[in-house]
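The values are calculated or read from the model by the stated rules, or taken from the named source; none is laboratory data. Just so it is clear, the structure is predicted and the values come from calculations on it, not from any experiment. When we count neighbours, we look across all protein chains shown, and the Cβ atoms used for this are built from the backbone with ideal geometry, even at glycine.
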């Protein structure tokens, strides 16, 4: 029996409250960033570390107005 089949068998006999807890645990793994996101986070960390990049201070509305003006 494969690992997946064993896991499914355990889940089949598990009480509902434990399935709910297990589901919450498993959903945490959906949020694992992909390679592109990891690269973007590393780039941001580097910009923070070196003081590089463009800094913006102002309201969210002002930020979106700035972005709209760039188009």
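Between residues in the range 1-21 that are free of Cβ contacts under 8 Å to residues at least 60 places away in the same chain and residues that are assigned to a loop (DSSP other than H, G, I, E, B), which pairs lie under 8 Å by C-beta distance while being six or more apart or on different chains? Cβ pairs passing all conditions: 9/1. Name the residue that is farthest from residue 10 (Cα to Cα), counting only residues in the range 44-63 that are over 23 Å from the mean Cα position of the chain (by Cα) and part of a helix (DSSP H, G or I). Only one residue tops the list, namely 62. Part of a helix (DSSP H, G or I), exposed (fewer than 10 other Cβ atoms within 10 Å of the Cβ) and over 26 Å from the mean Cα position of the chain (by Cα), is that true of residue 68? The answer is yes for residue 68.
The residue pairs whose first member lies in the range 22-43 and is closer than 23 Å to residue 10 by Cβ, whose second member is assigned to a helix (DSSP H, G or I) and modelled with pLDDT under 90, and whose beta carbons are closer than 8 Å, counting only pairs six or more residues apart or on different chains, do not exist in this structure.
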